Amino acid sequence: MIRCGFCKKGIDETMEAEWSEYFTEIFCCPDCATTYYYNMAMSRPLEVEEIREILNKEEED
Ligand SMILES: [Zn+2]
């Protein structure tokens, strides 16, 4: 059985499955796919303070 690369659920044709050419991985739904992509990219939301810091640095350059 082919399983989702994120939640490990078995894939069937009723699902809104996603394929990643980059990771050569199949996912059972867009949510599993995007969560996996975010994890692999080590992506996270920024705190307001962090955004300010980045914007300040940009101005100094
Ligand atoms: Zn899944």
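Would you be able to tell me the number of residues in segment 1-27 that are part of a loop (DSSP other than H, G, I, E, B) and surrounded by fewer than 18 Cβ atoms within 10 Å (Cβ to Cβ)?
Going through segment 1-27 one residue at a time, the tally reaches 16.
I'd like to check something: does segment 28-50 contain any residue that is surrounded by 10 or more Cβ atoms within 10 Å (Cβ to Cβ), outside any helix (DSSP H, G or I) and within 10 Å of the ligand (Cβ to nearest atom)? Walk me through it before giving the result.
Our first condition is that a residue be surrounded by 10 or more Cβ atoms within 10 Å (Cβ to Cβ); within segment 28-50, this holds for 28-40, 46, 50.
Pick out the ones that are also outside any helix (DSSP H, G or I) and you get 28-29, 46.
Pick out the ones that are also within 10 Å of the ligand (Cβ to nearest atom) and you get 28-29.
Within segment 28-50 (the criterion being surrounded by 10 or more Cβ atoms within 10 Å (Cβ to Cβ), outside any helix (DSSP H, G or I) and within 10 Å of the ligand (Cβ to nearest atom)), the answer is yes, since at least one residue qualifies.
The rows are residues; the columns are (1) aromatic (Phe, Trp, Tyr); (2) under 15 Å from Ile2 (Cα atoms).
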position	(1), (2)
Ile26	no, yes
Tyr36	yes, no
Arg44	no, no
Glu47	no, no
Leu55	no, no
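All of the numbers you see were taken from the coordinates with simple rules; none came from a lab. For clarity, every value in this text was computed on a predicted model and none was experimentally measured. Neighbour counts run over all protein chains shown; Cβ positions are idealised from the backbone, glycine included.
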